[in-house]
Amino acid sequence: MDWLTSTLPRSLEGFPEIPRWSMGLLLGTGFVTYYLYEAVKLPTLACSQNSKFREFLENHVPVIREKFWPTVWCFESRLQTVFASVLRQHTLPDIEYRRQIFRLKDGGELALDWLGPDGSSLKDPLVLVLPGLTGNSQAEYIKSLMRAAQAQGFRCVVLNNRGLGGVDLKTPRTYCASNSEDLGEVVDHLRETDCAKNTPLIVVGISMGGLMLGNYLAAHGEEAKDKIDAGMIISVPWDVFKATESIEQFGLNRLLNYHLATSLVKTLDRVKHHMPWDVEEALKSTTVRQFDSRFTCKQFGYNDVDEYYSAATLHTKLDRIKVPTLCLSAADDPFQPLDAIPVDAAHKSEHVAILITARGGHIGFMDALRPGEDYMCRVFVQYVEAVMKKGRPEV
């Protein structure tokens with residue numbers, strides 16, 4: 001403690017030296033107090049107080065009434081985001097899937113990866129999972145969810161978007177957050193086949209996959225209820241404008257932005273020979289906004305990035321969603337500021353419920369000393385089990 005005593009003012013000279021164990025105890029007590037009072041909290045459930053969907057969740061998804069205890073050494077938002085991703089990727093083994101190449105109406109192809117070698121021995125319902133921006137069926141957060149699904153014997157299939165998951169691009173078209181045409185074709189296909197003809201279908205979207213799902217549900221309204229029994233959305237960037245602004249902030253947020261932009265550029269570089277125009281400028285993008293402005297807008301016919309983000313954003317569309325949908329968001333998600341989560345709209349909704357944890361970051365939700373069945377997985381498992389046992393939630 002020489003550094004400490006040497007900096008004490010002369011007025012304190014003569015006082016006894018502070019023992020090391022006392023200082024350690026003081027700091028430890030302060031840390032534990034901060035953790036218990038600032039990090040460990042009951043989640044907030046935003047949904048209409050009198051809705052049957054809220055009653056369904058409160059009665060059959062008990063985890064929503066439990067405090068979320070974020071990993072004690074990793075509860076800061078960006079640490080949750082980064083460490084959850086890194087640790088899952090390096091500790092969780094790849095999942096064994098049965099791959100189905102699905103041909104789309106325009107000649108494009110995507111991959112449907114079925115959990116397990118034989119889906120016939122697994123339980124109903126069928127769960128369709130939509131990964132995030134550059135994710136696929138082996139993305140770390142997908143592996144975490146699939147391990148939890150395997151343990152419960154759920155039937156799951158992961159949708160790998162065009163050009164991702166090792167599938168060659170067959171047409172000059174990829175995907176974007178505002179477009180749900182491919183999802184619609186997959187849902188129709190599943191409903192027409194024996195695997196999902198007479199069983200509940202739950203669709204789970206993570207991050208950008210949540211935007212795709214949300215926009216599909218909002219666009220189809222009541223019609224979607226004939227095809228999808230329940231939805232779940234995890235870590236969605238509700239307001240794409242504010243989400244983009246957030247990840248452009250100086251520091252680690254900007255590094256996360258650069259990482260995503262680099263992943264998008266690498267994906268485009270692999271398939272650029274399919275594009276009917278020069279994409280070299282897009283390949284120089286260092287932010288997601290730049291990439292969307294230089295490539296996504298052009299491919300999907302938007303005049304500019306503001307028009308695209310207006311079409312993709314979800315926070316103003318809750319009233320159009322008629323399928324019961326549980327959403328999981330963290331108040332400290334670096335990709336989505338708390339003030340952009342549509343809490344007021346959810347409180348008026350009978351179909352959409354937003355579960356908001358105080359901590360968790362972006363697709364983090366780690367609450368153990370090492371990766372495993374984290375909070376996100378428990379919410380997922382309990383929600384699917386509730387639909388499996390009780391059927392479509394009443395609304």
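Tell me whether region 250-270 contains one or more residues that are within 21 Å of the chain's Cα centre (by Cα), in the same structural domain as G132 (by TED's automatic domain parsing) and surrounded by fewer than 15 Cβ atoms within 10 Å (Cβ to Cβ).
Checked against the condition, which is being within 21 Å of the chain's Cα centre (by Cα), in the same structural domain as G132 (by TED's automatic domain parsing) and surrounded by fewer than 15 Cβ atoms within 10 Å (Cβ to Cβ), region 250-270 yields no hits at all.
Please verify whether region 275-296 includes one or more residues that are touching a strand residue (DSSP E or B) at 6+ places or on another chain (Cβ under 6 Å) and at pLDDT 95 or above.
Among the residues of region 275-296, not one is touching a strand residue (DSSP E or B) at 6+ places or on another chain (Cβ under 6 Å) and at pLDDT 95 or above, which makes the answer no.
Being out of contact with any strand residue (DSSP E or B) (no Cβ under 9 Å at 6 or more places or on another chain) and surrounded by fewer than 18 Cβ atoms within 10 Å (Cβ to Cβ) is the filter here; which residues of region 64-75 pass it?
The answer is E66, W69, V72, W73.
Suppose the filter is among the small types (G, A, S), in the same structural domain as A358 (by TED's automatic domain parsing) and within 18 Å of the chain's Cα centre (by Cα); does S246 pass it?
No, not satisfied.
Could you list all residues from region 124-170 that are under 20 Å from V187 (Cβ atoms), among the polar types (S, T, N, Q) and surrounded by fewer than 20 Cβ atoms within 10 Å (Cβ to Cβ)?
N136 - this is the single residue of region 124-170 that is under 20 Å from V187 (Cβ atoms), among the polar types (S, T, N, Q) and surrounded by fewer than 20 Cβ atoms within 10 Å (Cβ to Cβ).
List the pairs whose first member sits in region 55-67 and is assigned by TED's automatic domain parsing to the domain that holds M232, whose second member is assigned to a helix (DSSP H, G or I) and among the hydroxyl-bearing types (S, T, Y), and whose Cβ atoms are under 7 Å apart, counting only residues at least 6 apart or on separate chains?
Matching pairs, first to second residue: V61/Y383.
Go through (1) at pLDDT below 95; (2) assigned to a loop (DSSP other than H, G, I, E, B) for K272 and report which single condition fails.
Exception for K272: condition (2).
Check off (1) farther than 30 Å from L126 by Cβ; (2) in contact with a Cys (Cβ under 9 Å, 6 or more places away or on another chain); (3) of a type outside the set (G, A, S) for M208 and give me the number that stays unchecked.
(1)
I'd like to verify a number: residues in region 275-302 that are of a type in the set (S, T, Y) and in a helix (DSSP H, G or I), how many?
Qualifying residue count for the region: 2.
Which of the residues that make up region 195-225 are without any contact (Cβ under 8 Å) to a residue 40 or more places away in the chain and more than 15 Å from L183 (Cα to Cα)?
K197, N198
The values are calculated or read from the model by the stated rules, or taken from the named source; none is laboratory data. Since this is a predicted model, take the numbers as computed values, not measurements. With ideal geometry, Cβ positions are generated from the backbone for all residues, glycine too; neighbour counts draw on all protein chains shown.
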